[in-house]
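The values are calculated or read from the model by the stated rules, or taken from the named source; none is laboratory data. Predicted model only: the values in this text are computed from it and were never measured. Methodologically, a virtual Cβ is constructed for each residue, glycine included, from the backbone with ideal geometry; neighbour enumeration extends over all protein chains shown. These area figures cover heavy atoms from the full protein model, side chains too; ligands, DNA and RNA do not enter into them. Shrake-Rupley method; radii C 1.70, N 1.55, O 1.52, S 1.80 Å.
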Amino acid sequence: ERNGVGYAFLGKSGTGKSTHSRLWVKHIEGTQLMNDDNPVVRVYDNAEVFIYGTPWSGKTPCYKPIEAKLGAVVRLEQAPYNKLQWQKAKEALIALLPSGSAIRWNPELFDSMLKTLEVIIQEVPIGYLRCLPDRDAAALCFAKILEYKAASASS
């Protein structure tokens with residue numbers, strides 16, 4: 001979280017989500033960790049999307065009961081370079097779906113989750129970051145999010 005805006009990093013176990021978050025906290029001024037493993041995302045009736053810290057955390061004990069407007073969601077993948085690409089439509093859904101709640105066995109709940117993800121995709125930038133576990137990856141990710149927001153605001 002930074003200045004009331006939250007950012008979610010997704011990926012398989014061992015991808016470097018906690019490492020990437022720590023790099024943001026260390027190198028991007030004003031950033032704090034909200035949650036390390038299981039935040040909650042809520043879509044309001046007006047399509048605003050917020051992220052919340054929860055008492056469920058991962059390796060890093062972080063139980064902050066705070067909320068922030070969701071500014072971006074970024075799926076991470078380890079790579080020998082740093083590159084962020086914005087995802088749209090089907091690719092954005094593919095990036096988000098593995099991190100959704102495990103309610104796929106119930107068709108009504110699964111449909112509801114898909115509708116929620118559809119709103120998130122329409123309202124929040126979804127990125128795919130191939131990266132190294134270094135400061136440059138965090139700086140690139142943050143800079144690309146700011147560029148995206150600036151471009152969206154001017155259009």
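Would you calculate a helix-derived [θ] at 222 nm for the chain, using -39,500 (n - 2.57) for each DSSP H run of n ≥ 4 and dividing by the full residue count, to the nearest 500?
-11500 deg cm²/dmol
Can you work out the accessible area per residue across the chain, with the rest of the protein chains kept in place, probe 1.4 Å, in square angstrom? Kindly include the intermediate steps, with their values, before the conclusion.
Numbers: 9060 Å² over 155 residues.
On a per-residue basis, the chain sits at 58 Å².
Restricting the count to DSSP beta bridges whose residues both fall in the chain, what percent are antiparallel, rounded to a multiple of 5?
55 percent
Which shape class applies to the stretch 60-128: rounded if a/c is under 1.5, otherwise prolate when a/b exceeds b/c and oblate if not, where a ≥ b ≥ c are the square roots of the Cα gyration tensor eigenvalues? Walk me through the numbers before you get to the answer.
Working: a/c = 1.63, a/b = 1.22, b/c = 1.34.
Because a/c hits 1.5 or more and a/b fails to exceed b/c, the stretch 60-128 counts as oblate.
Suppose the chain between residue 42 and residue 151 were pulled fully straight at 0.36 nm per residue; how much longer would it get relative to their current alpha carbon spacing? Write down the numbers at each step before the final one.
Working: separation 109, 0.36 × 109 = 39.24 nm, distance 2.50 nm.
Result for the pair: 36.7 nm of gain on full extension.
Rounded to whole Hz and in sequence order, give me ³J(HN,Hα) for the stretch 79-84 from the Karplus expression 6.51 cos²θ - 1.76 cosθ + 1.60, θ = phi - 60°, writing x for Gly and Pro.
With the stated coefficients, the stretch 79-84 comes to 7, x, 7, 10, 8, 10 Hz.
For P(r) over Cα pairs in 10 Å bins from 0, in percent, several values are listed as (i) 11, 41, 38, 9, 0; (ii) 10, 34, 27, 20, 9, 0; (iii) 11, 37, 35, 17, 1; flag the one computed from this structure.
Derived directly from the coordinates: (i).
Among 66, 126, 51, which one moves the most in a GNM of the chain with springs linking Cα atoms closer than 10 Å?
Judging by the Gaussian network model, the answer is 66.
Within the stretch 114-151, which trypsin sites (Lys or Arg not before Pro) sit in a loop by DSSP and count at most 15 neighbouring Cβ atoms inside 10 Å?
Numbers: sites: 115, 130, 135, 144, 149; in loops: none.
Hits after loop and neighbour filter: nothing returned.
Kindly identify the stretch 114-155 as rounded, prolate or oblate by the Cα gyration tensor criterion: order the square roots of the eigenvalues as a ≥ b ≥ c, call it rounded if a/c is under 1.5, otherwise compare a/b with b/c, prolate if a/b is larger, else oblate.
oblate
Pop out the carbon and sulfur fraction of the accessible area of the chain as a percent, whole number, probe 1.4 Å.
The nonpolar share, carbon plus sulfur, comes to 54 percent.
Please list, in chain and number order, the residues 5+ apart from residue 37 or on another chain whose amide H is under 5 Å from its amide H, with Hs placed from the backbone.
HN-HN under 5 Å from residue 37: 58.
Of 109, 129, 70, which has the largest mean-square fluctuation in a 10 Å C-alpha GNM of the chain?
Between 109, 129, 70, it is 109 that shows the largest mean-square fluctuation.
Taking amide H atoms as placed 1.01 Å from N in the peptide plane, list the residues 5 or more away in sequence, or in a different chain, whose amide H sits under 5 Å from that of residue 75.
10, 127, 128, 129
Defining a contact as two alpha carbons under 8 Å apart and six or more residues distant in sequence, what relative contact order in percent does the chain show?
Reported relative contact order: 27 percent.
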